[in-house]
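The values are calculated or read from the model by the stated rules, or taken from the named source; none is laboratory data. Bear in mind that the values here come from a model prediction, so they are computed numbers and not experimental data. Glycine also receives a Cβ, built like all others from the backbone with ideal geometry; neighbour counts cover every protein chain displayed. In case anyone asks, the SASA skips ligands and DNA or RNA and just uses the protein heavy atoms, side chains included. Shrake-Rupley method; radii C 1.70, N 1.55, O 1.52, S 1.80 Å.
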Amino acid sequence: MGMVKAWRFSWTPATAKLALLQQHHQNGFSNGGEKKHELSLRSPAPAPAIAMATKMTPSLSQKERKQTVMSWSWSLVCGLMLFGLGLISLFTGHVASDLEWYSQRLVMNTSLSSFYTKRNGNGREAIDVWKSNYSKFYYGCSQRGPRYASAVKERSSNGYLLIATSGGLNQQRTGITDAVVVARILNATLVVPELDHHSYWKDDSDFIHIFDVDWFMSYLAKDVTIVRRVPEKVMRSMEKPPYTMRVPRKSEPEYYIEQVLPILLRRRVLQLTKFDYRLSSNLDDELQKLRCRVNYHALKFTKSIHELGQKLVMRMRKMAKRFIAVHLRFEPDMLAFSGCYYGGGDKERDEFAEIRKRWATLPDLSAEEERKRGKCPLTPYEVGLMLRALGFANDTYIYIASGEIYGGEETLRPLRELFPNFYTKEMLASEELKPFLPFSSRLAAIDYIVSDESDVFVTNNNGNMAKILAGRRRYMGHKRTIRPNAKRLSALFMARHQMNWETFSKKVKSCQKGFMGDPDEVKPGRGEFHEFPQACICQKPFKDIEKSNDRDHHSAGKTKSTYNVEKPGEKALQISIKRNMGKERLSLGDDEKDEVFPD
C-alpha cells in the first residue's frame, strides 16, 4: 500500500522533469543513429551507465557529451530520491499521499488568498461569502463507466429486496440511496422503499407522497430493476413470510455478499429494517457514482411539493437579487440529544433529561465539554453573529428553514434584530402551506428546495439535512455552503464581550477558513460520502477553462487573453490545475468525525 502511494506521489513536477530528461536522451540517441536506451523510473541507472552513454555517442562534441553526462547524473539523483521515498512510504503508508495533498493545497491556498481576503491599502476586507471563484474549475460527474453492466432483469435477479428506512426525511433519503446500491451489489430486484411512520415526527407519508416514483424507477432502470411491490404469485409461493434482519451500520459490500445474499437466495424475499447509514462510506467509484445518480437525479419531489418550493424561491428572488438560507436545527429533541445546555436553568435541564430517556443508550455528557468539542449546535443568535462577522449586512435577506424552535419567538428575536429581512415558509405561503402542515416530511422537503436554490446555504449543525445539502451543493457547482467551525467559534462566543467588534470579526473570519464549501477543504477519503461526494466531482479540462475565460473576456469587451491579469492568483490556480490534468477526483476530506443527529 505504501509503495503504491509512493508511486502516486512520484508524479510530481520533479518526476515530470525526470521523464522529460529521459525522453530527451532517448531522442538524442535515436538521432545519433544508436539504439534507444530507456531509463526506468523504478530502477535508476547505475553509475556505469553514465560512462556507457558517453561511449555510445562518439559523434557528439565534447560539450554535448558533457551535457549528456550531466543529464544522466540528474536522472540518477532523481531516481535515487524516488526510490528512497518509496522505501519511506512503504513503512509510513499515508505519508506520501498526505505530502502530495499538502503540496497541492499549498499552491491552492496561495492562489486563493485573493478569495479569502481582498486586499487594499488599509489591509484586509471581508470574506466573499456569496460565491467562490474557485468553484468554476469543477463540475458534478456521475456517468456510468464503459464497462458498467446493465441491470439484472426481474426474472433473473437473486430475489426481492424490501427496505424499511428510518428517521426523518433526509435520514430516510440516505437509506433510499444506499438501498439502490445494495440491490445492485446483491443483483436483487428492489421494491420501492418504505418510509418511517414511527419516528419523532410521526409522519405517515409514503414514498409516493414525497417522491416521483415513476421517475425514480425509470431513471434507475439501467442500474437496478425496481418494482412497486412483490408480485402476488411470488408471495403465494412462499412457505414462510419474508425474512427480516438488520445489518450493522456502515457494513462493507463483502458483508452483504457473505451474510445477506445467502439468505436472499434461500428465502427469495428479504426485508432490511432501520435502514439508515447501513452501507460503508467507502465504495468503489462506480458504486459511489450510482449513489450520486440516485441522490441528485432520481429522487425528485412530487409535483405539488416542487411547485410550492419553487414559488417560495421566486418570492424571495422578487424581494432580493440574492438571499441566504439558514437551516436551524434547534428543536427540543435535537438539543436534548446533543447533551448541551443553553442557559435555561432547571426548567431546561429537566425538559432535556426527560427527552433523553427516549434513547436508552445515550451516555451522560458534560454540556461544557461538548461545547468545547464543538458538538453543540449554534443558537440562532450565534448564527447571526457569525454571519454579521463574516460580512453580511443587516439588510441581507434570509430564509429560515427549521422545525419547532426551542423557546419559540424569544429564541429567534436576536437573529431577527440582526437581520430584519427574515422569512420562513409560513410567512411566504400561509394559505398554500395548509395542505402540507400535518406532514413534517413534506414541510422539510419544501425547506430543502428553497435551501438548495439559495445563493448561500448556512447551517448551525452537522445533522442529516446539513450533510445532504452540503453534498448536493458541491455536486451542483460548489454553491457557497457555510458550516460553522463550532469547536473554535464556541470559545469566541464565550469571550465575545472581552474584545471589540473589529477583533471579533477578524477572528471569526479566521475560524471559518476551510468551512466555506470550497473544493479543496477536505482530504480524499475523509468525511461522510453524502457530505463530500468525491468520486462524483471532476476537474474541468484546462482547455475548457481557457474557453470559459475567453468568453468572459469577450463579453466584458476585453482583449482576448488566457488569464485575467487583474487576478494573478487565478493564473497560479489554473497553472496548478493544468499540472494536475488527468486527475478526475477532487481533493476533499475532513479530520472531524461528527455525530449523526436524529433527523
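Which percent of the accessible heavy-atom area of the stretch 154-298 goes to carbon and sulfur, probe 1.4 angstrom?
C and S atoms contribute 48 percent here.
In what order, largest first, do ARG267, ARG173, ARG246 sit by accessible area if the probe radius is 1.4 Å?
The ranking, largest first, comes out as ARG246, ARG267, ARG173.
Under a point-charge model restricted to the Cβ atoms of Lys and Arg (+1) and Asp and Glu (-1), what is the dipole moment magnitude of the stretch 154-298 relative to its Cα centre, in debye to the nearest 20?
On the way: 21 positive and 19 negative charges, 83 e Å.
Rounded to the nearest 20 debye, it is 400 debye.
Taking the Cβ-Cβ separation of ALA495 and ARG144 as r and a Förster radius of 60 Å, what is the calculated FRET efficiency to the nearest 0.05?
FRET efficiency, ALA495 to ARG144: 0.70.
Starting from the Cα gyration tensor of the stretch 176-244, take the square roots of the eigenvalues, sort them a ≥ b ≥ c, and report rounded, prolate or oblate (rounded when a/c is under 1.5, otherwise prolate if a/b is larger than b/c, else oblate).
oblate
Say R0 is 30 Å: what FRET efficiency, to the nearest 0.05, do ARG322 and LYS434 get from their beta-carbon distance?
Once rounded, the FRET efficiency stands at 0.55.
Can you pull the accessible area of PHE457 for me, 1.4 Å probe, Å² to the nearest 10?
0 Å²
Within the set LYS318/LYS425; LYS202/LYS289; LYS506/LYS540, which residue pairs have Cα atoms separated by over 23 Å?
Distance filter (> 23 Å) returns LYS202/LYS289; LYS506/LYS540.
For the stretch 154-298, with every protein chain kept in place, what is the accessible area per residue (1.4 Å probe, Å²)?
Per-residue value: 44 Å².
Go through ASP455, ASP178, ASP206 and list them by solvent-accessible area, largest first, probe radius 1.4 Å.
Working: ASP455 45, ASP178 0, ASP206 65 Å².
Ranked from most to least accessible, the order is ASP206, ASP455, ASP178.
Heavy atoms only, probe 1.4 Å: what % of the accessible area of the stretch 300-407 goes to carbon and sulfur, would you let me know?
With neighbouring chains kept in place, the figure for the stretch 300-407 is 50 percent.
Can you list which of the trypsin sites (Lys or Arg not before Pro) found in the stretch 289-322 are DSSP loop residues with at most 14 other C-beta atoms within 10 Å? Display every interim value, and only then the final one.
Details: sites: LYS289, ARG291, ARG293, LYS300, LYS303, LYS311, ARG315, ARG317, LYS318, LYS321, ARG322; in loops: LYS300, LYS321, ARG322.
Qualifying residues, ordered by number: LYS321, ARG322.
Take the alpha carbon gyration tensor of the stretch 154-298, find the square roots of its eigenvalues, order them as a ≥ b ≥ c, and report rounded if a/c is under 1.5; if not, report prolate when a/b exceeds b/c, else oblate.
Rounded, since a/c falls under 1.5.
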